[in-house]
1. Assuming R0 = 25 Å, what is the FRET efficiency of L38 and Q71, from their Cβ-Cβ distance, to the nearest 0.05?
2. Distance in nm between label sites at Q63 and N85, each 7 Å beyond Cα in the beta-carbon direction?
3. For a quick check: sort T51, T42 by the number of other beta carbons within 10 angstrom, fewest at the front.
4. Each label point is 7 Å from the Cα along the Cα-to-Cβ direction; what then is the distance between the points at T50 and L18, in nm?
Amino acid sequence: MACQEWQCGFTGKSLERLSDRYEPISDRATVVRLNAKLRNITLIQVCGPTTAATEEKMKRFYQDSSQAVKQVPNGDMLLAMGDFNAHWRSQDF
């Protein structure tokens with residue numbers, strides 16, 4: 001897996017033959033769907049913006065990530081991974 005400021009995604013030849021979906025949804029998130037025996041596995045790899053990012057970039061990142069999760073087919077195992085750079089605000093509680 002690769003994660004850089006300008007690109008976030010997966011690398012490797014084995015993913016190409018195992019996956020039926022490879023979709024970079026933004027420069028900070030990529031979705032790969034793997035064909036497995038019992039159930040398919042959807043991987044979402046993210047690289048969240050740092051606290052130095054603008055509020056708009058942060059909002060866009062969370063919108064893109066949320067949309068990716070909503071598009072995972074029912075019955076798939078979902079694995080979300082990466083660097084989310086989570087932050088908490090008092091209003092979140």
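Nothing in this text is a laboratory measurement; each read-out follows from the coordinates by a stated rule. Since this is a predicted model, take the numbers as computed values, not measurements. Note that we place each Cβ from the backbone using ideal geometry, even for glycine, and neighbour counts take in every protein chain shown.
1. My answer for the efficiency is 0.75.
2. A separation of 1.8 nm, rounded to one decimal place.
3. Sorted ascending by nearby Cβ count, the order is T51, T42.
4. Result: 3.2 nm between the two label points.
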